[in-house]
Amino acid sequence: MQEDKDSNKMKFNINLLNCFGIRKLDNSFDLSRGNFVLIYAHNGTMKTSLAKTFLCAEENHNAADV
């Protein structure tokens, strides 16, 4: 996570490639209004894959597809 010192905003930048079926995801989440982001979507739209990728990052494992 990095802090944007010019605007005093907290931004979470994510850049994923081939993680649990996520081919590519490059996005920035603005957390200046709070400390969470809600992801709501239909089944099969990578929510669980994203959670598994974060878990691998937390446990310092490689999340790249085998």
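The values are calculated or read from the model by the stated rules, or taken from the named source; none is laboratory data. Note that the coordinates shown come from a computational prediction; the quantities given were computed from them, not determined experimentally. FYI the Cβ positions are ideal-geometry reconstructions off the backbone, even for glycines, and counts take in every protein chain you see.
Take the conditions of a type in the set (A, V, I, L, M, F, W, C) and modelled with pLDDT under 90 and apply them to Leu31. Does it pass? Yes: the conditions hold for Leu31.
Listed here are the residues, each with its yes/no results for (1) at pLDDT 85 or above; (2) of a type outside the set (A, V, I, L, M); (3) surrounded by 13 or more Cβ atoms within 10 Å (Cβ to Cβ).
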position: Lys24; (1), (2), (3): yes, yes, no
position: His42; (1), (2), (3): yes, yes, no
position: Thr48; (1), (2), (3): yes, yes, no
position: Ala51; (1), (2), (3): yes, no, no
position: Leu55; (1), (2), (3): yes, no, no
position: Glu58; (1), (2), (3): yes, yes, no
position: Asp65; (1), (2), (3): no, yes, no
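Residue pairs whose Cβ atoms lie under 6 Å apart, sitting 6 or more positions apart in sequence or on different chains, and linking a residue in segment 25-46 that is within 17 Å of Asn15 (Cα to Cα) and without any contact (Cβ under 8 Å) to a residue 24 or more places away in the chain to a partner that is outside any loop (DSSP other than H, G, I, E, B) and of a type in the set (S, T, N, Q), are Asp26/Asn15; Ser28/Asn13.
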